[in-house]
Amino acid sequence: MTNSTLSLLVQSFFTDHLPVQKGLRLSSIRSYRDTVRLLLCFVAEQRRRQIAKLSLDDLTFEQVLAFLKHLEQVRGNAVRIRNQRRAALNTFFAYLASRAPEMLTTCQQVAAIPVKRTTLPNAHYLEREEVTALFRSLPRKGRFALRDRALLLFLYNTGARARKSLTF
């Protein structure tokens, strides 16, 4: 397989498949781009050749496994990031399988790479006394007092949850 085939497939993956066929947003496409770029740079370094000289034959199952290991051990990526990159590679290799049938075995092996388990974040919540203190501390008068009280009561009574990344 020639290196021009790889470059054409990568180009069509980003210019046609992701934006047109899958309808992904630019931010998602950039995430896929970063993953594929990191993979190609990794493979080029391992093969001791320029990225432009890589071919489809260089994208092996073993290279993908080594790349995922590299993400965690050398780059220090968290397991969640590794899993996100793995998902992007699954999409990329599924596309390769549909365009380059000779890659089918490798693509099936990549698709079979399992998601690594991650620990769930600790749940943080307010105790009943803390909720009572919160409502006592709310202003009773003012432009937004009634609105704020109604919103907090609604959230409390419906059991709404906020992610840790939200700040108040």
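Expressed in nm to one decimal, what extension gain is obtained for the pair R128 and V79 from 0.36 nm per residue of sequence separation less their Cα-Cα distance?
On the way: separation 49, 0.36 × 49 = 17.64 nm, distance 3.48 nm.
Taking R128 through V79 to full extension adds about 14.2 nm, to one decimal.
Starting from the exponent 0.38 and prefactor 2.2 Å, build the expected Rg for segment 41-168 from its residue count and divide its actual Cα Rg by it.
On the way: Rg = 24.9 Å, N = 128, 2.2 N^0.38 = 13.9 Å.
Expressed relative to 2.2 N^0.38 Å, the Cα Rg reads 1.79.
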Aspartates and glutamates near K69 by alpha-carbon distance under 13 Å, same-chain residues fewer than 8 away left out - which ones? none
The aspartates and glutamates whose Cα lies under 16 Å from the Cα of K53, excluding any fewer than 8 residues away in the same chain, are E45
Applying a 10 Å radius around every beta-carbon, put 113-124, 59-70, 26-37 in order of their mean neighbour count, most first. 59-70, 26-37, 113-124
Pairing the Cα long axis of helix 128-137 with the longest principal axis of the chain, what angle in degrees results, from 0 to 90 and rounded to the nearest 10? 70
Pairs of alpha carbons in segment 116-155 whose separation is greater than 13 Å (percent): 64
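What shape does segment 2-112 take by its C-alpha gyration tensor, where a ≥ b ≥ c are the square roots of the eigenvalues and a/c under 1.5 counts as rounded, a/b above b/c as prolate, and the rest as oblate? Present the calculation step by step, with values, prior to reporting the outcome.
On the way: a/c = 1.42, a/b = 1.08, b/c = 1.32.
Rounded, since a/c falls under 1.5.
Output the Kirkwood hydrodynamic radius of segment 34-89, Cα pairs only, in Å rounded to one decimal. Write down the numbers at each step before the final one.
Values: mean 1/r = 0.0878 Å⁻¹.
Hydrodynamic radius (Kirkwood, Cα only) of segment 34-89 equals 11.4 Å.
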Sticking with the crude label model, points 7 Å out along Cα→Cβ, report the distance from Q50 to L65 in nm, one decimal please. 3.2
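Throughout, read-outs are computed from the coordinates displayed, never taken from laboratory work. Being a predicted model, the structure only gives us computed values, none of them experimental. Reconstructed Cβ throughout: ideal geometry from the backbone, glycine too, with neighbour counts over all protein chains shown.
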